[in-house]
1. With L147, L214 as the choices, which residue is touching a Gly at 6+ places or on another chain (Cβ under 6 Å), modelled with pLDDT of 95 or more, closer than 20 Å to S63 by Cα and not polar (S, T, N, Q)?
2. Take the conditions closer than 15 Å to V190 by Cβ and either modelled with pLDDT of 95 or more or assigned to a loop (DSSP other than H, G, I, E, B) (or both) and apply them to K67. Does it pass?
3. So V32 ticks every box in (1) part of a helix (DSSP H, G or I); (2) without any contact (Cβ under 8 Å) to a residue 12 or more places away in the chain but one. Which box is left unticked?
4. Please state which of the following conditions A44 fails to meet, knowing it meets all the rest: (1) more than 26 Å from R126 (Cβ to Cβ); (2) of a type outside the set (S, T, Y); (3) part of a helix (DSSP H, G or I).
5. When you look at L129, is it modelled with pLDDT of 95 or more, crowded, with 19+ Cβ neighbours inside 10 Å and either aliphatic (A, V, I, L, M) or part of a helix (DSSP H, G or I) (or both), yes or no?
6. Going residue by residue through the range 29-43, is there one that turns out to be of a type in the set (D, E, K, R) and surrounded by 10 or more Cβ atoms within 10 Å (Cβ to Cβ)?
7. Condition first: part of a helix (DSSP H, G or I) and farther than 13 Å from Y29 by Cα. Now tell me which residues in the range 109-126 satisfy that.
8. If I filter the range 53-80 down to residues being of a type in the set (A, V, I, L, M) and surrounded by 13 or more Cβ atoms within 10 Å (Cβ to Cβ), which single residue comes out as farthest from R145 (Cα to Cα)?
Amino acid sequence: MKFLKNLGLFLLSLLVVYFGTVTVLTLIYIKVDPPLSTLMVWRAAQGVKITPPRPLPLVKIPSFAKKGIVYLEDHNFWTHHGIVLGAIREAWEANQRTGTTAYGGSTITQQLARTLFLFPEKLYTRKALEAGTALILELLLSKERILELYLNNIEWGPGVFGIEAGARHHFGTGVRNLTKEQIARLEAIVTNPVSFNVKTYVRNRGMTARYEALMNW
């Protein structure tokens with residue numbers, strides 16, 4: 001019993017430290033762009049060359065890119081509070097209708113939480129921490145800032161972080177110079193930017209469905 005009690009206190013202290021750190025960093029990220037994320041550390045540990053973000057203010061990111069990523073990743077983004085309990089079920093139903101895996105169950109806020117503070121390993125403990133972290137992000141940041149951080153920090157290629165760096169990596173120019181078709185290809189690969197790129201996405205049925213959804217939107 002004493003061992004279990006000590007273990008419980010230890011785990012509780014870890015949670016306090018984790019969420020305390022997340023809270024402090026999130027307060028900083030209200031105005032300051034993150035210089036580093038846990039996903040960047042994870043990729044570097046795997047030996048992947050890191051291309052850091054080139055942060056852009058949200059107003060300088062093309063409207064089609066902003067609206068498109070919300071359409072694909074989290075159509076309830078502007079109204080939910082970080083987590084949507086029925087999102088996984090809705091994503092499964094959408095994938096069943098289309099016969100693909102085009103839609104995921106995590107909100108944009110949860111994906112940002114995972115990118116900045118957690119790791120990509122699919123564990124129940126990570127999912128629980130992700131949900132708690134998303135609630136903190138929603139409490140402390142505006143929706144606009146969450147979307148801005150998301151676009152500027154998620155992975156757009158192996159070790160390539162942020163939509164501006166992604167545009168330059170795949171097309172050799174900034175995102176503001178991309179056509180809608182190029183943006184659609186870029187956003188099609190967000191679900192697996194390590195294994196696919198803006199040319200090879202057509203080999204994946206789910207990514208092809210994402211591209212077609214944006215082009216027909």
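1. Numbers: L147 fails: touching a Gly at 6+ places or on another chain (Cβ under 6 Å).
Every option except L214 fails the conditions.
2. Numbers: closer than 15 Å to V190 by Cβ: yes; either modelled with pLDDT of 95 or more or assigned to a loop (DSSP other than H, G, I, E, B) (or both): yes.
It is true that K67 is closer than 15 Å to V190 by Cβ and either modelled with pLDDT of 95 or more or assigned to a loop (DSSP other than H, G, I, E, B) (or both).
3. Here V32 meets the rest and fails (1).
4. Among (1) more than 26 Å from R126 (Cβ to Cβ); (2) of a type outside the set (S, T, Y); (3) part of a helix (DSSP H, G or I), the lone unmet condition for A44 is (1).
5. Values: modelled with pLDDT of 95 or more: no; crowded, with 19+ Cβ neighbours inside 10 Å: yes; either aliphatic (A, V, I, L, M) or part of a helix (DSSP H, G or I) (or both): yes.
No; evaluated as a whole, the condition is false for this residue.
6. If we filter the range 29-43 for residues that are of a type in the set (D, E, K, R), which is where we start, we get 31, 33, 43.
This time we only want the ones that are surrounded by 10 or more Cβ atoms within 10 Å (Cβ to Cβ), so: 33, 43.
Yes, the conditions are met somewhere in the range 29-43.
7. As a first pass, look at the range 109-126 and keep what is part of a helix (DSSP H, G or I): 109-117, 124-126.
Of everything in the range 109-126, those that are part of a helix (DSSP H, G or I) and farther than 13 Å from Y29 by Cα turn out to be T109, Q110, Q111, R114, T115, Y124, T125, R126.
8. So the first thing to find is which residues in the range 53-80 are of a type in the set (A, V, I, L, M), and the list is 56, 58-59, 61, 65, 69-70, 72.
Next, from what is left, pick out any that are surrounded by 13 or more Cβ atoms within 10 Å (Cβ to Cβ): 56, 58, 61, 65, 69-70, 72.
Details: L56: 11, L58: 8, I61: 13, A65: 15, I69: 15, V70: 14, L72: 19 Å.
Only one residue tops the list, namely L72.
The values are calculated or read from the model by the stated rules, or taken from the named source; none is laboratory data. Quick caveat, the model's predicted, so the values are computed rather than measured. Quick reminder, even Gly has a Cβ in these numbers, built from the backbone with ideal geometry, and neighbours come from all protein chains shown.
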